[in-house]
Amino acid sequence: MNPSPDEPPLHPSELNRTTRVRSFVRFLAFLIIGVTGTLAWQSYGGPARETIASWSPHFAWLAPPALPTGADHIVTISRDLAAVRQGVDKLAADIAKLQAPQQGTLDRTSASPPSAAVVPARKPSPQKR
C-alpha cells in the first residue's frame with residue numbers, strides 16, 4: 001500500500017480516516033466471531049464439552065458430571081430436598097428470633113400510647129368589609 005514515487009504522500013487526515021475505518025472493520029469482525037461462537041457454544045455446549053474432554057485428560061474438567069440413574073437419582077434428590085428443608089427451618093427459626101425482640105418493643109410502645117396534647121380550635125376572626 002506504499003504510494004508510488006509519482007503520487008504525493010497521503011495527507012495525515014486521510015491516514016487517520018483509513019486507520020479508523022480499518023480498526024472499526026476489525027472490531028466488527030471480532031464482534032461477529034465472538035457472538036457466533038457464543039451462540040454456537042450455547043446451542044452445542046454439552047456435546048462440544050464432551051468432545052473436547054475426550055481429547056486429553058487435562059480437559060476432563062470440561063466434561064459435564066455423570067448424572068446418577070434410577071434409584072441413585074431419587075436418593076440424591078431426597079438428600080438435597082432434606083438439606084433444603086433444614087435450611088428453610090433454620091431460616092424460619094432465625095427470623096422468629098429476630099422478630100421476637102421487635103414484637104416486644106412494639107407491644108410495650110402500643111400499650112402506653114403517648115398522651116396527645118389537646119390544642120383548642122381557633123375561632124375565625126370576623127372579617128371587616
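The values are calculated or read from the model by the stated rules, or taken from the named source; none is laboratory data. Treat the numbers as computed from the prediction; the structure is a model and nothing was measured. Reconstructed Cβ throughout: ideal geometry from the backbone, glycine too, with neighbour counts over all protein chains shown. What goes into the accessible areas is simple: the full protein's heavy atoms, side chains included, and nothing from ligands, DNA or RNA. Shrake-Rupley method; radii C 1.70, N 1.55, O 1.52, S 1.80 Å.
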Check your understanding: Can you pull the accessible area of Leu91 for me, 1.4 Å probe, Å² to the nearest 10?
Key -> 110
Exercise for review: With a probe of 1.4 Å, find how much accessible area the stretch 41-84 has per residue, and write the answer as a whole number in Å².
Suggested key: 84
Review point. For the residue pair Ser23 and Thr36, what label-to-label distance in nm results when each label sits 7 Å from Cα along the Cα-to-beta-carbon direction?
Key: 2.5
